[in-house]
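Every number here is computed from the coordinates shown, using simple stated rules; none is lab data. Note that the structure is a prediction, hence the values are computed from the model and not measured. Neighbour counts are summed over all protein chains in view; Cβ atoms, including those assigned to glycine, are modelled from backbone coordinates with ideal geometry.
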Amino acid sequence: MGMLEGEQGFSSLVKNLLSSLLTLGAVDRSKALTIVELSKRTGMEARCIDSTITLLIRSGYVASIDSENGARFYLTPNGILAASSLYS
C-alpha cells in the first residue's frame, strides 16, 4: 500500500484535492494554482493542501512551477487519469 492509499484506496484528502484540481481546471502549467488559491476555492486548510500536494508530487500526480506569487500546482497526465477515475 502506497503513501496515498488507505484501506479503501486513496485517502479522502487526496481524493478531494485531485478532484478539486480537475474541477478547477488546473490541468496544465497555464492553469496552475497556488496553495492559497486552492484553499480559498475549496475551503480546505492550506496546511492540509500543502502536505497532500507534497505526496501527490512525489507520486507523479501533480507538478509544480515557480511564479512571482510562489509555487503553483497542476495535475500531470497521470493525475488527470487518477482524478477522472474517481468518478467512474
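Table for the structure above
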item	result
Net charge, Leu24 excluded, C-beta distance under 10 Å - Lys, Arg +1, Asp, Glu -1	+1
Between the range 21-52 and the range 69-88, the Cα center-to-center distance that results, in Å	10 Å
Charge sum, other residues only, whose C-beta stays under 15 Å from Ser67's C-beta, Lys/Arg counted +1 and Asp/Glu -1	-1
Length added when fully stretched, Asn69-Ile57, from 0.36 nm per residue minus Cα-Cα	2.4 nm
